[in-house]
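To start, the structure under review is shown below, and the notes come after it.
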Number of protein chains: 2
Amino acid sequence: MTRILLLGACAAVAVAPFATTGSIADDQTLRDDALALFEPIPESPDPAPDPAQVELGKALFFEPRLSEGHNISCNTCHNLGTGGADLASVSLGHRWQKGGRNSPTVLNATYNTAQFWDGRAADLTEQAGGPMVNPVEMGSTQQHVVEQLKGIPGYLPLFAAAFPKDPDPVNFANAEAAIAAFEQTLITPDSPFDRFLRGDDAAMTADQKEGLRAFIDQGCAACHNGINLGGNSYQPFGLVEKPDWAILPPGDKGRFEITRAEEDAYVFKVPTLRNIAVTPPYFHSGAVWDLSLAVDVMGTAQLGAALDAAQAASIVDFLDSLTGEMPQIVYPTLPPSTADTPRPQQ
Amino acid sequence: MTRILLLGACAAVAVAPFATTGSIADDQTLRDDALALFEPIPESPDPAPDPAQVELGKALFFEPRLSEGHNISCNTCHNLGTGGADLASVSLGHRWQKGGRNSPTVLNATYNTAQFWDGRAADLTEQAGGPMVNPVEMGSTQQHVVEQLKGIPGYLPLFAAAFPKDPDPVNFANAEAAIAAFEQTLITPDSPFDRFLRGDDAAMTADQKEGLRAFIDQGCAACHNGINLGGNSYQPFGLVEKPDWAILPPGDKGRFEITRAEEDAYVFKVPTLRNIAVTPPYFHSGAVWDLSLAVDVMGTAQLGAALDAAQAASIVDFLDSLTGEMPQIVYPTLPPSTADTPRPQQ
């Protein structure tokens, strides 16, 4: 397990006075400090995934017939209209069962170093198959997903084009790989923050720049760093002080469920903060709907310091600057069912 | 109630021998006969709905927060990826409750003279509000829908642009009107049948042309006529012979539930046959998944004559020619929730 525990060190850094002038020199210093920690999202996926796999993956991402009831697709809980998440504390799955944790955004997930809140999937390909076969999510099985896809004749040419060397291309691993290829395209470049990083002083407001300065100086960036401002390390939730049990439910020990190592109790993958302003509610529990409150909780739980109101407000302003351009997706026409296609189990 | 009961007369028309040559003269005769009964779909909506209303309506059509659980949108049951319907006998709604009847396609619904299987909504605007407040569908109320939309600040400018003369534009009637405006754009022109009607002899195969001839001569076109090959009249299901109760469940008396007139027992709006090949299962009950079987049921129930196998097969071929070009919809980015937005009731 990789852990970045620079937090104590960073929290001890003296807090710089807030920049109020927004002078060119101040902006360049802030940019230099930021570029040492963060990285802008490229304009297009790099490397570009295979177009035929992306096309197939897009169809599968919106395909409700991958669920046992034929009414839930990847897009149901990772809705591309609502920031790649579903604006609910936990998702509703097969037979209205509730999921265990808040649905993480699929946007920019390609930049996370592991997937799921506990990092149990190494990459998007490994992640993609999980919800399909989770009994409380899409409720199917690997075998039935393949039967289903083979029972929709129009999928065969799409799989064959995406996996031309595979003599039997309609299989679960290829479905996972295609979904992952599509998800590699779901990036949100050109946020005000990215444009600022690239040199546009006017891209962020003075309040947002103050927030970025506080975000760095207060120690938030010790964990929320890199291209995704998170998604690249694991941390105990409640490093300094455990938050309320409503926010950190005792029954969910996070990464401990995977590793069974005591040190991993209540350890979670640090989530990306990209598009955070449009993806409430917050935390793995989805218990906090107000971004200001989420920032306060982070201050006390992770930094051990109550942020003053002005700092917290400017950090929220900064977080607003992390909303990028949403991907433009033409809704796919899915291959039709036939009389022999396996039917929904409702 | 408008009823077209030409069926007996048409069924008595002598059956013309199947065209086998596909000569130019045969094609023109067939086209002339068809143009007396049918009409091609225009290339674009005419009249064109207001673009600002369409833009708002598109967002609302894909908006899960219109449902009580924030997980069901219009598109869930009228999925634009699967022919504007949901490939299920009946739809799954709020708290996994089953709907009463098969979800009719939203595609080309603008050409129906009334909406719902029983015609209880006069037009798309009146229809649009129904599912939102149906307890087994989206499970909300008119009041809560308005509270919800007012609680998402980004909707106000969209409503204001769509309804510039309205001093309080975020209201239920405007939401219905905007969804209807978007649905007016959901047409599927350029099917092989439309191209044939417009003069392209090569647009339909010889089998499809035989099927069109049989469709006219056997009397199917007595009810399935007009621009939508249906959607413009009411008919008793089982006009000549009641089908199996599994197909015509006794508890659902159709239009009788609206009018309470005995003559309306088991009367339903004749559905459009456009895109029928991609929208199984069939009938208001959704009990039949095989289009060939659906054609057979129509023969015995409505025409009082078992179609011979070749006729039935050619009619199925003809129905395949009714699949048009699906609308190209860029998936909308929905206005974000805030800390004050009403939350899902799960």
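Annotation for region A:327-342: no member residue is under 24 Å from A:VAL90 (Cβ atoms) and aliphatic (A, V, I, L, M). When you look at A:ARG101, is it of a type in the set (D, E, K, R), more than 30 Å from B:ALA85 (Cβ to Cβ) and not assigned by TED's automatic domain parsing to the domain that holds A:PRO280, yes or no? Yes. Residue count for region B:333-346 under the criterion of being open to solvent by 50 Å² or more (accessible area, probe 1.4 Å) and within 29 Å of the chain's Cα centre (by Cα): the result is 1.
Scanning region B:250-299 for residues that are aliphatic (A, V, I, L, M), part of a loop (DSSP other than H, G, I, E, B) and within 17 Å of B:VAL90 (Cβ to Cβ) yields a single hit, B:ALA287. I'd like the residue in region A:278-292 that is among the aliphatic types (A, V, I, L, M) and open to solvent by 10 Å² or more (accessible area, probe 1.4 Å) and, out of all such residues, is farthest from B:PRO335 (Cα to Cα). Looking at the filtered set, the residue picked out is A:ALA287. Taking every residue in region B:208-231 that is of a type in the set (Val, Ile, Thr) and pairing it with any residue that is assigned to a loop (DSSP other than H, G, I, E, B), at least 6 positions away or on another chain, the pairs with Cβ-Cβ distances below 6 Å are B:ILE227/B:GLU39. Residue check: is A:GLN302 closer than 30 Å to A:GLN148 by Cα and either open to solvent by 20 Å² or more (accessible area, probe 1.4 Å) or part of a loop (DSSP other than H, G, I, E, B) (or both)? Judged against the criteria, A:GLN302 is not a match. Any residue that is more than 12 Å from chain B (Cβ to nearest Cβ), under 30 Å from A:PRO169 (Cβ atoms), crowded, with 23+ Cβ neighbours inside 10 Å and small (Gly, Ala, Ser) - is there at least one of those in region A:48-62? Yes - at least one qualifying residue is present in region A:48-62.
Condition check: over 21 Å from A:ALA221 (Cβ atoms) and without any contact (Cβ under 8 Å) to a residue 40 or more places away in the chain. Does A:PRO236 satisfy that? No: the conditions fail for A:PRO236.
For region B:222-267, give me the residue count where each residue is small (Gly, Ala, Ser) and surrounded by fewer than 21 Cβ atoms within 10 Å (Cβ to Cβ). Spell out how you get there, then give the answer.
Within region B:222-267, the first condition is being small (Gly, Ala, Ser), and the residues that meet it are B:222, B:226, B:230-231, B:233, B:238, B:246, B:251, B:254, B:261, B:265.
Filter once more, so that each one left must be surrounded by fewer than 21 Cβ atoms within 10 Å (Cβ to Cβ): B:226, B:238, B:246, B:251, B:261, B:265.
Counting residues in region B:222-267 that are small (Gly, Ala, Ser) and surrounded by fewer than 21 Cβ atoms within 10 Å (Cβ to Cβ) gives 6.
Would region B:76-90 turn up any residue that is in the same structural domain as B:GLY151 (by TED's automatic domain parsing), in contact with a strand residue (DSSP E or B) (Cβ under 8 Å, 6 or more places away or on another chain) and of a type in the set (S, T, N, Q)? Yes, there is a match, as at least one residue in region B:76-90 is in the same structural domain as B:GLY151 (by TED's automatic domain parsing), in contact with a strand residue (DSSP E or B) (Cβ under 8 Å, 6 or more places away or on another chain) and of a type in the set (S, T, N, Q).
Cβ-Cβ contacts under 6 Å between residues 6 or more apart (or on different chains), taken from a first residue in region B:173-197 that is in the same structural domain as B:ASN112 (by TED's automatic domain parsing) and farther than 21 Å from B:ALA85 by Cα to a second residue that is modelled with pLDDT under 95 and surrounded by fewer than 21 Cβ atoms within 10 Å (Cβ to Cβ), are absent. Considering (1) in contact with an Asp or Glu (Cβ under 6 Å, 6 or more places away or on another chain); (2) closer than 25 Å to B:LEU80 by Cα; (3) outside the structural domain of B:ASP252 (by TED's automatic domain parsing), the lone condition that B:ALA277 does not fulfil carries the number (3).
Contact annotation: residue pairs with Cβ atoms under 6 Å, 6 or more positions apart or on different chains, pairing a residue in region A:89-101 that is free of Cβ contacts under 8 Å to residues at least 24 places away in the same chain and under 12 Å from A:GLY139 (Cβ atoms) with a partner that is open to solvent by 50 Å² or more (accessible area, probe 1.4 Å) and assigned to a helix (DSSP H, G or I), are A:TRP96/B:ARG95. Within region B:280-294, being closer than 22 Å to B:SER314 by Cβ and more than 12 Å from chain A (Cβ to nearest Cβ) holds for one residue alone: B:PHE283.
Tell me yes or no: at least one residue of region B:86-109 is more than 14 Å from chain A (Cβ to nearest Cβ) and over 24 Å from B:PHE256 (Cα atoms). Within region B:86-109, one or more residues are more than 14 Å from chain A (Cβ to nearest Cβ) and over 24 Å from B:PHE256 (Cα atoms). Does any residue of region B:22-39 turn out to be more than 14 Å from chain A (Cβ to nearest Cβ), under 18 Å from the mean Cα position of the chain (by Cα), open to solvent by less than 30 Å² (accessible area, probe 1.4 Å) and at pLDDT 95 or above? Scanning region B:22-39, I find at least one residue that is more than 14 Å from chain A (Cβ to nearest Cβ), under 18 Å from the mean Cα position of the chain (by Cα), open to solvent by less than 30 Å² (accessible area, probe 1.4 Å) and at pLDDT 95 or above, so the answer is yes.
Answer with yes or no whether A:LEU124 is open to solvent by less than 40 Å² (accessible area, probe 1.4 Å), under 18 Å from the mean Cα position of the chain (by Cα) and either within 9 Å of chain B (Cβ to nearest Cβ) or modelled with pLDDT of 95 or more (or both).
Spelling it out, A:LEU124 is indeed open to solvent by less than 40 Å² (accessible area, probe 1.4 Å), under 18 Å from the mean Cα position of the chain (by Cα) and either within 9 Å of chain B (Cβ to nearest Cβ) or modelled with pLDDT of 95 or more (or both).
Restricting region B:91-116 to residues that are among the hydrophobic types (A, V, I, L, M, F, W, C) and surrounded by fewer than 22 Cβ atoms within 10 Å (Cβ to Cβ), the residue that is farthest from the chain's Cα centre (by Cα) is B:TRP96. Candidates in region B:305-332 are the residues that are within 14 Å of chain A (Cβ to nearest Cβ) and not in a loop (DSSP other than H, G, I, E, B); of these, the one that is surrounded by the fewest Cβ atoms within 10 Å (Cβ to Cβ) is B:VAL330.
Close contacts from region B:255-283, counting a first residue that is farther than 15 Å from B:PRO236 by Cβ and a second that is among the charged types (D, E, K, R) and in a helix (DSSP H, G or I), with Cβ to Cβ under 6 Å and a gap of 6+ residues or different chains, come to B:ALA277/B:ASP320.
The values are calculated or read from the model by the stated rules, or taken from the named source; none is laboratory data. Small disclaimer: the values here were computed from a predicted structure and weren't measured. For neighbour counting, all protein chains shown are included, and Cβ atoms are generated from backbone atoms with ideal geometry for every residue, glycine included. Surface accessibility is based on the protein's heavy atoms, side chains included, excluding ligands, DNA and RNA. Shrake-Rupley method; radii C 1.70, N 1.55, O 1.52, S 1.80 Å.
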